[in-house]
Amino acid sequence: MSDTIIDVRNVSKWYGAFRVLTDVNLTVQKGERIVICGPSGSGKSTLIRCFNRLEAHQQGDIVVNGIILHDKMREVGAVRKNVGMVFQHFNLFPHMTVLMNCMVGPMWIKGVSQAEARKTALQFLERVRIPEQANKYPVQLSGGQQQRVAIARSLCMQPAVMLFDEPTSALDPEMVSEVLETMTSLAREGMTMVCVTHEMAFARAVADRVIFMNAGQIVEQGKPEEFFKNPQHERTKLFLSQILKH
Amino acid sequence: MLYPDTVESDVLVHKPWFITGLFAVVFAVFLAFDLTGTSLGDLMRPVIGDPAESGVYGRFAITFVIAVTLCLNIVLIGFAPLKVQVAVVWSELLLLFLAFFTTFNLSLPFMAEKLPFLITQGLFTTIYVSAISIVIASAIAILGAVAKLSTNGFAYAIASFYTSFFRGLPLLMQVYLIYLGLPQIGFVIDAVPAGILALSLCYGAYMTEIFRSGIQSIDRGQWEASRSIGFGFGVTMRKIILPQALPVIIPPTGNQFISMLKDSSLVSVIGVWELMFLARTLGQKSFQHMEMLISAAMLYWIVSIGLELIQSRIERHYARSKVR
């Protein structure tokens, strides 16, 4: 199973006495696009933040790209440089230009030369369609543009998998589509993606598998057509009826 | 700059009610003091005759002149553009202070004679002691701030004991403890290193807290983004967090530098020939205390202004990324 990029086995996590994740099992294959949805507080963000160990899990195993994540790990850097992450609030580095935001990762981690990092950065900025903003600072950009820079920044590290943590939740409706378009084209090019999102149209169009989480558990998963057409569980039906009502 | 509201408002100092009000207040305040005996009374001699015998009329006239001058001044300055206003007000205040100093009848030749030594020995010592202390204090502050924020109990305990101790003891006491206390355990230390050590430790403690608050002011998302790219703690701190914390840290740190410059006079108690020490001793022989003390004060001020300029330049440098 060398094609498995993320393997989650019986993972549980607690915040103090509160159990956020309960026996989660999940495998992500190379090239797979997965959308995780669920009500707020269901642990979906927490789950994907465990994949690059921004959060620690207490029970079970998570294997990312062949490396087991655990407490005393030295290889956490090796995992993180192969796992790109896009955040809800972009988290661009405000004191650097857009171009520098994209260059620092390759330069400081992979030891790539400045000229080469610049080339890669411009190439990916081109791909998210904002090369002309390269020398601006993040505050000068719109939300949608900032999020696309954040995607480019992650792509510059040439990760094996991209994690999206509600990438469009903080955006205006008009800007949502530009970010979703970028994500869709990324998916078409074969990038392995795990997205926490409420954009059901995106899930329908792009996802290979939709996962529904509730109260720290994976309640249901399936191909998007089946998932949306006949959800099996009551909780899923309720969630979908709420979210698709509008 | 404060948040500039876009609603145009009239110039406050040109409103009749403001000027009248100001005039009334100034008039009332100065009328409360009898200024006939001061040098202002002397200046008004052509109008009020002998100040001592001018009585209520003299008092009234002096107050009137003060109030009119002040109000006229304010109204006129109100017409000027911002930069001119700043320059004019600065020079006026400076002139007032110079006028104040001239009343001491200072002996300028004496000052001119002693000034070179005051600068080459006193000011030079003050500056190099402060400069070295500032560098060491900043280094201590970064370490201390990281230790205070760490989850390592040992590091936290040392850092919090350190800040508590050195912020809690008077600086003078610290100077004595280091200069006189260390030899007790067999470690004899010279006066200058002892002074530098005391200043560094004391200001390092204050600056630890400044740096800690600066680091804490940075959004958690910045740490997450940096760590998720794969940067280690050191790179994240040096390249992501500290550069963003600096704009928050710099104004209070500038305060500390200026304050240290003057507190360095405390090391004179252990016989370091810095500016304040020389100012006191040089004037003693001929009882010309004021000359030397005022010279020293001016030198302190000039260096402080230098530090202020450096501070504002650094602040401008870091404001780049905030321009929309």
Query - Lysine pairs meeting the criterion (Cα under 26 Å, 8 or more apart or interchain), as found in the range B:108-323 - result: 5
Query - Principal-axis tilt of helix B:108-117 within chain B, Cα atoms, nearest 10 degrees - result: 10 degrees
Report summary line: Fewest to most Cβ atoms within 10 Å: B:263, A:165, B:34 sort as B:34, B:263, A:165
Query raised in the report: How far, in degrees from 0 to 90, does helix B:289-319 lean away from the longest principal axis of the Cα atoms of chain B, to the nearest 10?
Result: 60 degrees
Query raised in the report: List the lysines whose alpha-carbon lies under 22 Å from that of residue B:83, not counting same-chain residues fewer than 8 positions away?
Result: B:15
Query raised in the report: Going by how many other Cβ atoms sit within 10 Å of their own, how do A:151, B:314, B:270 line up, fewest first?
Result: B:314, B:270, A:151
Report summary line: For chain B (alpha-carbon point model, no solvent) the Debye-based log₁₀ I(q)/I(0) at q = 0.10, 0.14 Å⁻¹ works out to -0.88, -1.17
Requested in this report: Within 10 Å of each residue's Cβ, count the other Cβ atoms and sort A:89, B:317 from fewest upward.
Outcome: B:317, A:89
Query raised in the report: For the range B:67-80, in order, what is each residue's ³J(HN,Hα) by Karplus, 6.51 cos²θ - 1.76 cosθ + 1.60 with θ = phi - 60°, in whole Hz (x at glycine and Pro)?
Result: 5, 5, 4, 4, 5, 4, 4, 5, 5, 5, 4, x, 7, 7
Report summary line: Counting only DSSP loop positions in the range A:48-102, the trypsin sites (Lys or Arg not before Pro) whose Cβ has at most 15 other Cβ atoms within 10 Å are A:72, A:74
Report summary line: Any lysines whose Cα falls less than 25 Å from that of residue A:245, other than same-chain ones fewer than 8 residues away, would be A:44, A:223, A:229, A:237
Requested in this report: Would you list, by chain and number, the aspartates and glutamates whose Cα falls below 12 Å from the Cα of residue A:13, excluding same-chain residues fewer than 8 positions away?
Outcome: A:23, A:55, A:61
Report task. Take the Cα gyration tensor of the range A:188-246, multiply each eigenvalue by 5, square-root it, and list the three semi-axes largest first, rounded to whole angstrom. Result -> 19, 13, 11
Query raised in the report: Which net charge results for the neighbourhood of residue B:206, defined as the other residues with beta-carbon distances under 15 angstrom from its beta-carbon, given Lys and Arg at +1 and Asp and Glu at -1?
Result: +2
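A short reminder: the numbers here are calculations on the coordinates, not readings from a lab. Note that this is a predicted model, so its numbers are computed, not measured. Virtual Cβ from ideal backbone geometry, glycine too; neighbours counted across all protein chains shown.
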